[in-house]
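Structure record follows, encoded as structure tokens.
The values are calculated or read from the model by the stated rules, or taken from the named source; none is laboratory data. Treat the numbers as computed from the prediction; the structure is a model and nothing was measured. Ideal geometry is used to build each Cβ from the backbone, glycine not excepted, and the neighbour counts take in all protein chains shown. To get the accessible areas, we keep the full protein, side chains included, count just its heavy atoms, and leave off ligands, DNA and RNA. Shrake-Rupley method; radii C 1.70, N 1.55, O 1.52, S 1.80 Å.
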Amino acid sequence: MTYQELSRVELEALKKELDKQFDEVKAKGLKLNMSRGKPGIAQLTLSMPMLDVINSQSDMNTVLGNDTRNYGDLDGIGECRKLLADMMGVNKDNVVVCGNSSLNIMYDTVSRSMMKGVNGSTPWCKLDKVKFLCPVPGYDRHFKITEYFGIEMIAVPMDENGPDMDMVEQYVNNDEAVKGIWCVPKYSNPSGISYSDEVVKRFANLKPAAEDFRLYWDNAYGIHHLYEDKQDEILNILEECEKAGNPDMVYIFASTSKISFPGSGVSAVASSIKNIDFIESQMTIQTIGHDKINQLRHARYFKNIDGLNEHMKKHADILRPKFEAVVNTLEEELGGLGIGTWTKPNGGYFISFDAMEGCAKAIVAKCKEAGVVLTNAGATYPYGKDPKDSNIRIAPTFPSSEEMEEATALFVLCVKLVSVEKLLQA
């Protein structure tokens, strides 16, 4: 029976029982954090042998003989470019390897567009209006970048196939102020869905009103599968754009932040040769080169794409029980109650939960009151404003399995309690 079918007397009795349970949990003094998609300690430990790959006795030259201790290799050392190119499914010549953060590259890409335009177009800072499309629920840090530069953000609904492409095409093909769209195409943050072939092809075949429109294709979870026998695959957007006659329309971003070390990984951007040349023409003013010793360390440790994939199987073995524990608890405790829906991703770092309308902020606040910190309600929408106040991002990766079990139990308790309170107010 759903909560909506309960009588007022039944709801009041249920609230009394839930209040008692909440007080008991609160008395435990929990201090758990599920707010960010951080790798757990066991995941970080997997990469510790990488620190032994290079020492004071090591040959520090690349396969081409370049000394990684010195200046040079603006676009990254060849073997690391090859490694990340294979991870991104592109040619090495289409890749520039940067520092440890792909978010940094995205920020720089928007910043360059603001100051210098895109491949000779008018700098965005000289335009009356600049707009970005933002699939929702989405990645809060993407939205923070465009908000920082004063770019108007337009929310685009997502379903199990990806963004609403009718809406995307309407905006992109008819409004020259629309300069970009944020995309997490595989195991999206936070829903965990992957774009269908039709969605990717429709993206590639856009006919932008603006010559400087770009897809900001953040493939952050490209090899982050949870299962060997259930792996989402997406079409190669760079190849699809080339087929459609739009070779310059996409920037692809990726990193090893959730593969090796979040604080000391390597990141990369891939695009057409024309775009790469434009990016490098400005990078040469910004830097003489990124951390090539770290690039060498990654290349020698992982060796190739097979090495990366084998490493990610170990990550999956750690993460899979946590994700399954959350989903199983949600199904056992909330299934059939009519007070929430959730995603069951095959990879990535998050589970997206939709509460009853008007309940997300209250649920997050209740969890915090009892010692479990979640991502702020509304963070998955531009400007932090979820019009339905329903979406909550669950990040199962950082806590231990035992902590995850406790945190999820409290979460479902708070969902029940807030939902009952909402129905009693009706």
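Here are a few things to note about the model shown:
- The residues of the stretch 284-301 that are closer than 14 Å to Val97 by Cβ, at pLDDT 95 or above and open to solvent by 10 Å² or more (accessible area, probe 1.4 Å), listed by number, are His290, Asp291, Lys292, Ile293, Asn294, Arg297, Ala299.
- The stretch 82-99 residues that are under 18 Å from Lys274 (Cα atoms) and polar (S, T, N, Q), paired with ones that are modelled with pLDDT of 95 or more and outside any helix (DSSP H, G or I) (beta carbon under 6 Å, 6 or more apart): Asn94/Ala270
- Within the stretch 204-235, considering residues that are in contact (Cβ under 8 Å) with a residue 40 or more places away in the chain and aromatic (Phe, Trp, Tyr), the one nearest to Pro321 (Cα to Cα): Tyr227
- Any hit, the stretch 310-321, residues being crowded, with 21+ Cβ neighbours inside 10 Å, in contact with a helix residue (DSSP H, G or I) (Cβ under 9 Å, 6 or more places away or on another chain) and assigned to a helix (DSSP H, G or I): yes
- Which listed residue is of a type outside the set (Asp, Glu), buried (at least 18 other Cβ atoms within 10 Å of the Cβ) and farther than 22 Å from Lys38 by Cβ, from Ala377, Ala426, Ala362, Ala370: Ala362
- Contact map, the stretch 390-414: first residue within 19 Å of Thr343 (Cα to Cα) and among the acidic types (Asp, Glu), second residue open to solvent by 10 Å² or more (accessible area, probe 1.4 Å) and part of a helix (DSSP H, G or I), Cβ cut-off under 7 Å, separation 6 or more or different chains; pairs are Glu405/Ala325.
- Residue under evaluation Glu79, criteria (1) charged (D, E, K, R); (2) at pLDDT below 95; (3) surrounded by 17 or more Cβ atoms within 10 Å (Cβ to Cβ), criterion not met: (2)
- Scan of the stretch 159-186 for residues that are in a loop (DSSP other than H, G, I, E, B) and open to solvent by 20 Å² or more (accessible area, probe 1.4 Å), ordered by number: Glu160, Asn161, Asp164, Asp175, Glu176
For (1) in contact (Cβ under 8 Å) with a residue 40 or more places away in the chain; (2) touching a His at 6+ places or on another chain (Cβ under 9 Å); (3) within 26 Å of Lys20 (Cα to Cα), each residue gets a yes or a no:
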| site | (1), (2), (3) |
| --- | --- |
| Phe353 | yes, no, yes |
| Glu357 | no, no, yes |
| Ala379 | yes, no, no |
| Leu423 | yes, no, yes |
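- Subset of the stretch 19-59 (residues that are under 29 Å from the mean Cα position of the chain (by Cα) and polar (S, T, N, Q)): Asn33, Ser35, Gln43, Thr45, Ser47
- Counting the residues of the stretch 110-142 that are out of contact with any strand residue (DSSP E or B) (no Cβ under 6 Å at 6 or more places or on another chain) and either in a helix (DSSP H, G or I) or hydrophobic (A, V, I, L, M, F, W, C) (or both) gives 14.
- Pick from the stretch 382-420, criterion in contact with a Lys or Arg (Cβ under 7 Å, 6 or more places away or on another chain) and part of a helix (DSSP H, G or I), ranking: surrounded by the most Cβ atoms within 10 Å (Cβ to Cβ): Cys414
- Elements of type helices (runs of 4 or more DSSP H) contained in the stretch 1-98, each with 3 or more residues being more than 23 Å from Asn294 (Cβ to Cβ) and acidic (Asp, Glu): 8-26
- Looking across the stretch 355-379, the residues that are within 24 Å of the chain's Cα centre (by Cα) and basic (Lys, Arg) come down to Lys361, Lys368.
- Some residue of the stretch 116-134 being free of Cβ contacts under 8 Å to residues at least 40 places away in the same chain and crowded, with 24+ Cβ neighbours inside 10 Å: no
- Listed conditions (1) assigned to a helix (DSSP H, G or I); (2) under 25 Å from Lys31 (Cβ atoms); (3) not charged (D, E, K, R) are all met by Ile276, apart from (2).
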